[in-house]
Structures are given as structure tokens and as C-alpha cells.
Amino acid sequence: MINIVTGGAGFIANTLIDRLLEQGRRVVAFDNLKLGRLENLSRFYSHPGFQFVQIDVASPLSVCKALEDASNLGPIDEIWHLAANSDIPSGVANPDIDFRDTFLTTFELLKAIKGLPVKRFLFASSSAIYGDQGEIAIHENIGPLFPISNYGAMKLASEAQISAAVESHLSRAICFRFPNVVGVPATHGVILDFVRKLMANPDELHVLGDGTQQKAYLHVSDLVDAMLKIRDLTEDKRAVFNIGPVDEGVTVRWIAERVADRVSPSARILFGEGNKGWVGDVPKFKYSTEKVRSLGWSPVLGSQAAILRAIDEIACQQGA
Ligand SMILES: NC(=O)c1ccc[n+]([C@@H]2O[C@H](COP(=O)([O-])OP(=O)(O)OC[C@H]3O[C@@H](n4cnc5c(N)ncnc54)[C@H](O)[C@@H]3O)[C@@H](O)[C@H]2O)c1
């Protein structure tokens with residue numbers, strides 16, 4: 001069974017590909033290597049069930065050709081669409097980036113698979129589609145939705161496009177709404193950012209915002225467990241699932257202190273102003289995960305434990 005994984009050279013795809021290969025699936029990974037790294041894929045090269053194709057998924061000709069080549073290996077069973085612009089501040093500075101890498105990748109992929117016997121389309125969506133909902137625990141069926149970043153808007157538009165494709169040519173689609181995900185190989189995110197800053201200047205760590213931002217964090221191993229469980233147990237034509245820890249998350253201040261403990265304990269931590277790290281940052285965020293937990297999934301690690309494990313993993317990855 002062929003599984004396509006877009007964004008295959010990125011962070012989350014790395015654990016997903018590992019688990020799909022373990023389950024005996026053949027995996028063809030697509031990535032343009034804009035944010036992902038070829039070296040992330042090196043551990044898969046000796047596996048006979050793995051192939052990598054370097055393409056821009058937003059380019060209609062390239063994506064049609066790559067899917068045609070993959071179909072020659074066997075019927076394409078599942079498409080895991082993870083390619084996107086994961087660098088949210090860059091999309092704030094230039095909305096074209098989110099339009100192209102987050103929305104157009106979805107749009108072109110959905111067009112290109114018309115006529116192929118794809119059983120499921122599995123989409124990496126985000127809590128960013130909900131915007132700033134304050135202190136309430138956000139359920140999947142809340143609405144109307146008002147995203148506050150271009151990234152969130154393009155993820156929500158992608159979900160809408162996927163829903164329309166189910167009406168015309170997709171048999172089944174699942175949108176996973178991820179929280180902040182941590183682990184390795186890290187390509188972006190708050191821990192990598194702090195580790196890099198402290199390695200460059202062990203005396204000071206400058207934090208974006210006042211450090212009071214509080215969010216839920218999930219380790220990538222728990223996230224991928226949840227995605228596979230949802231895939232196995234969901235028969236709905238269209239489904240959306242929040243995935244996250246059960247706790248209320250941790251503050252950016254706490255993360256900064258823990259990274260400093262690990263990388264440079266004598267560093268002074270200097271905070272910025274306001275409770276947002278950048279335009280479109282959601283300062284406080286509370287997720288309801290009742291739906292995914294009703295399938296029998298619960299995370300092994302809560303937010304604190306996930307962060308502590310990821311700090312160790314990322315510090316090792318960076319040689320700190
Ligand atoms: N990491 C998180 O905390 C988080 C949270 C919510 C949602 N998500 C979503 O999960 C998915 C995976 O995220 P990640 O953290 O692994 O990010 P990542 O940046 O490590 O992986 C995304 C990959 O997509 C590739 N890509 C981007 N545009 C492309 C294009 N036009 N054509 C081909 N490849 C392209 C990048 O090169 C990168 O390798 C993304 O869709 C992201 O939006 C991630």
C-alpha cells in the first residue's frame with residue numbers, strides 16, 4: 001500500500017514515516033526542502049519501502065507527475081498532507097508564503113488526485129484556525145472561526161477545500177488539529193530558537209513577549225500515535241479532531257528557564273513587552289481533547305514532560 005507523505009523532510013513527518021514503514025506500508029515522501037532537511041531522511045534510505053521526491057507541491061505539473069510515478073509502484077492508499085509553511089512569523093511578514101505553501105499545496109494536491117483511488121486524505125491542520133478564543137476549552141464544533149494569523153487562515157481555507165473535495169472526488173478525509181508539537185528533528189519552534197540563541201550568546205536570552213503566553217505542548221511521539229489511532233478508528237467521510245495534552249500547558253517563561261538550566265544556567269533571561277511573541281500569536285490557549293480521548297488515546301507525556309524531553313533531544317541535536 002503506497003502512502004504519500006508531503007512535507008516528508010520536515011519534523012513531524014520524520015516520526016510519521018518511521019511508524020508507517022514499521023506498519024509495512026510503502027512511503028513516498030514529497031518535499032521541496034525549503035524548511036525540511038535531506039539529512040532528516042537519511043535513516044530511511046536503506047529501507048526498501050521508502051522513496052523521496054524533491055518537488056514543490058504547490059506546482060500543478062510537478063505534483064501530477066510525482067503522483068503518476070508513485071501510482072506506477074501500486075495504488076495510492078493514503079495521502080498524509082503535512083507540507084506547509086511552519087514559520088508563522090515569516091507568513092506575517094509576507095502573506096504570499098502562507099498562500100503558496102500552506103493553501104496552494106492543499107489545493108493542487110486535491111486537484112491532482114482526482115481519478116486516483118485514494119482511500120483517505122489526512123491533513124495536518126492546526127489550533128491556529130480557532131484564533132484567540134480566550135479562556136474557554138475549544139471543542140471541534142465551535143464556530144464561527146476567526147483565525148488571527150495568515151497561517152491559521154490558510155489552514156482553515158485548506159480544511160474547507162478538503163471538505164469540498166470529499167463532495168466531488170475524495171472518499172474520506174480527516175483533519176487533525178495539532179497543538180504545539182515538540183521533539184526532534186526540530187526544524188523550528190520555541191525550544192530550538194532558545195537553544196540556538198543561548199549557544200550563540202551564553203550570557204543572555206532574549207524572549208519575544210513578556211513570557212506569560214501559555215500553551216499546550218505535545219511530544220511528537222504522542223501526536224503520531226494519536227494520528228494513527230484516529231486513522232484506524234474513524235469511518236466518517238469528513239472528520240476533524242483536536243489532538244493535545246489534557247493539561248493547560250506551560251508558559252514561555254517556564255520554557256525559557258528550563259532551556260537555560262540545560263544549555264547555559266548562568267544566562268540572564270530578558271523578556272520583551274506584551275503577551276504576544278509576534279502578530280498572530282495566540283497568548284493563551286485551551287483545547288478540548290474529549291473526542292480523541294473517546295477513541296482510547298491519551299498522551300504518555302503532559303506539556304511539562306514533553307517540553308523537558310524535547311529540550312534534551314534538541315540540545316543534543318544542536319550539540320549543546
Ligand atoms: N510543529 C507544530 O507545532 C505544528 C503545529 C500545528 C500544525 N503543524 C502542521 O504540521 C505540519 C508539519 O509541521 P512540521 O512542524 O513538521 O513543519 P516542518 O517545517 O518541519 O515541515 C513542513 C515541511 O513542508 C515542506 N514544504 C513547505 N512548503 C512546501 C512546498 N510548497 N512543497 C513541498 N514541500 C513543502 C518544508 O520544506 C518542510 O520540510 C505542517 O503542515 C504544519 O503546519 C505543526
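Only the coordinates and a few stated rules stand behind these numbers; no lab work does. Remember, predicted model here, so these are calculated numbers, not experimental data. No Cβ is skipped: glycine too gets one built from the backbone with ideal geometry, and neighbour counts run over all protein chains shown.
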Checklist outcome for this item: Phi-derived 3J(HN,Hα) across the range 75-80 with the Karplus relation (6.51, -1.76, 1.60, θ = phi - 60°), rounded Hz, x for Gly and Pro, is x, 7, 8, 9, 10, 9
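Can you list which of the GluC sites (Glu not before Pro) found in the range 257-320 are DSSP loop residues with at most 13 other C-beta atoms within 10 Å? Please report the intermediate quantities before stating the final value.
Values: sites: Glu257, Glu273, Glu290, Glu313; in loops: Glu273.
Answer in residue order: Glu273.
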Item to check | Whole-Hz couplings from phi, Karplus 6.51/-1.76/1.60, listed for the range 48-53; x for Gly and Pro | outcome: x, x, 10, 9, 10, 10
Checklist outcome for this item: Relative to the chain, whose Cα atoms define the longest principal axis, helix 11-22 and its Cα axis are tilted in degrees, nearest 10, by 50
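What is the calculated FRET efficiency for Trp254 to Gln161, with r their C-beta to C-beta distance and R₀ = 41 Å, to the nearest 0.05? Each step should come with its number before you reach the end.
Values: r = 37 Å, r/R0 = 0.91.
Between Trp254 and Gln161 the formula returns 0.65.
So, by mean Cβ neighbours within 10 angstrom, what's the order for 98-110, 64-76 with the highest one leading? Can you show the working numbers first?
Working: 98-110: 23.0, 64-76: 15.2.
In descending order of packing, they fall as 98-110, 64-76.
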Item to check | Cross-link partners of Lys34 among aspartates and glutamates (Cα-Cα below 16 Å; sequence separation of 8 or more within a chain) | outcome: Asp56, Asp87, Asp96, Asp98, Asp101
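So what is the relative contact order of the range 31-95, in percent, for Cα pairs below 8 Å that sit 6 or more residues apart?
On the way: 25 pairs, mean separation 18.6, N = 65.
Across the range 31-95, relative contact order equals 29 percent.
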Next on the checklist: Give me a comma-separated list of calculated 3J(HN,Hα) values for the range 203-208, in order, Karplus coefficients 6.51, -1.76, 1.60 applied at θ = phi - 60°, integers in Hz, x for any Gly or Pro.
Outcome noted: 8, 9, 10, 8, 9, 6
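Calculate the FRET efficiency for Asp77 and Ile136 from the Cβ-Cβ distance with a Förster distance of 41 Å, rounded to the nearest 0.05.
Values: r = 38 Å, r/R0 = 0.93.
Given R0 = 41 Å and the Cβ-Cβ separation, E is 0.60.
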Checklist entry - Taking the Cβ-Cβ separation of Glu39 and Arg268 as r and a Förster radius of 45 Å, what is the calculated FRET efficiency to the nearest 0.05? => result 0.85
Checklist entry - Which whole-angstrom value gives the distance between the alpha carbon centres of the range 166-241 and the range 30-74? => result 22
Checklist entry - Taking amide hydrogens as modeled 1.01 Å from N in the peptide plane, which residues meet the under 5 Å criterion relative to Ile55, leaving out close sequence neighbours? => result Asp31, Asn32
Item to check | For Ile148, distant residues with modelled amide H under 5 Å away | outcome: Gly131, Asp132
Item to check | Mean Cα-pair separation over length for the chain, i.e. relative contact order, pairs under 8 Å, 6 or more apart, % | outcome: 18
Item to check | Of the GluC sites (Glu not before Pro) in the range 178-252, those whose Cβ has at most 10 other Cβ within 10 Å and which sit in DSSP loop | outcome: Glu235
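With runs of 4+ DSSP H residues as the only contributors, calculate the mean residue ellipticity of the chain at 222 nm using -39,500 (n - 2.57) per run, divided by the residue total and rounded to the nearest 500.
Values: 10 runs with 113 residues, N = 320.
Result for the chain: -11000 deg cm²/dmol, rounded to the nearest 500.
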